[in-house]
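Right, one structure below, let's go through it.
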Amino acid sequence: MVKLAAFPKAFLDDILVHRTMPLLEWVRLASGLDVDGVEMYSVFFDGKDEGFVEAVRAACEGAGLEIPMMCFSPDFTKPDPAERREELRRQMAAVDLIAQLGGRFCRTLSGQVRPGLDRDRTVGWCVEMIREACAYAQTKGVTLVMENHYKDSYWTHPEFALRSEVFLRIVEQIDSPAFGINYDPSNAVVAGEDPLALLEQIKGRVRTMHASDRYLEGGGPGGPAEDGPGAGAGVYNRAPSRGHRKGTERLRRHLLHVEMGGV
């Protein structure tokens, strides 16, 4: 049976920018949803001490919620090698954090598609950093899952590997038992691509999955993403089957993420 974890996509600014919603309040709200866990975002823990981390874990355990995955957004496309190493250090810290919280998955990305990047060279940077991060994650019992992502909420530029051509060039060069894919069909829609065609190429490596009930206004690439019956429909029958949970095709407001790997 597929298990569900909730992610507070609609509340990120409330938690991180306006600071009107404490993270523990989100955990309390999530405990009232029909979900098995809550997915965390590494920025929630920036500047926090060990006591805060343990308080979050205890609150989730008390609410019967597991923490399957840490969303992390490394920026491996920085031209400066020292800055890329710092992003790798941060990725490893996110791995440590999810291990401490009892989870098994940590998201990774390529980075921002900065103007003037050489595609071949940048693919090489990303592969090098993700390989090293996987080697570290394996020692912690954590699997890194690379998402076919659109854009971190607080980035300036979209994802370097948004287009499947670039995404596949990276993932096909990473062969590690501590590596898999976090698949989000809505991001393929944003890229102007067929999410089912991409899934056919990667489904054997999908370990976790995000479900966003969104579509592009006007029906084409480049427009704003809207909530509504969109990318989720039809995907779950083709994803690696671990059982089907009724209602996952119509998840609202990008609050719920499907964890294909279980929690």
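Points to keep in mind about this one:
Rundown of residues vs (1) of a type in the set (Asp, Glu); (2) touching a helix residue (DSSP H, G or I) at 6+ places or on another chain (Cβ under 7 Å); (3) more than 26 Å from ASP194 (Cα to Cα); (4) without any contact (Cβ under 8 Å) to a residue 60 or more places away in the chain, yes/no style:
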{"position": "ARG121", "(1), (2), (3), (4)": "no, no, yes, yes"}
{"position": "VAL127", "(1), (2), (3), (4)": "no, yes, no, yes"}
{"position": "TYR136", "(1), (2), (3), (4)": "no, yes, yes, yes"}
{"position": "TRP155", "(1), (2), (3), (4)": "no, no, no, no"}
{"position": "PHE160", "(1), (2), (3), (4)": "no, yes, no, no"}
{"position": "GLU165", "(1), (2), (3), (4)": "yes, no, no, yes"}
{"position": "GLU172", "(1), (2), (3), (4)": "yes, no, no, yes"}
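- Highlighted here are the helices (runs of 4 or more DSSP H) found entirely within the range 1-102 that include at least 1 residues which are within 23 Å of CYS126 (Cβ to Cβ): 81-100.
- If the condition is being buried (at least 17 other Cβ atoms within 10 Å of the Cβ) and closer than 16 Å to ASP46 by Cα, then the range 22-31 contributes only LEU23.
- Flag for TYR154 being modelled with pLDDT under 95 and hydroxyl-bearing (Ser, Thr, Tyr): yes
- Among residues of the range 1-15 being farther than 13 Å from GLU39 by Cα and out of contact with any Leu (no Cβ under 9 Å at 6 or more places or on another chain), the one that is surrounded by the fewest Cβ atoms within 10 Å (Cβ to Cβ) is MET1.
The values are calculated or read from the model by the stated rules, or taken from the named source; none is laboratory data. This structure is a prediction, so every number in the text was calculated from the model and none was measured. Reconstructed Cβ throughout: ideal geometry from the backbone, glycine too, with neighbour counts over all protein chains shown.
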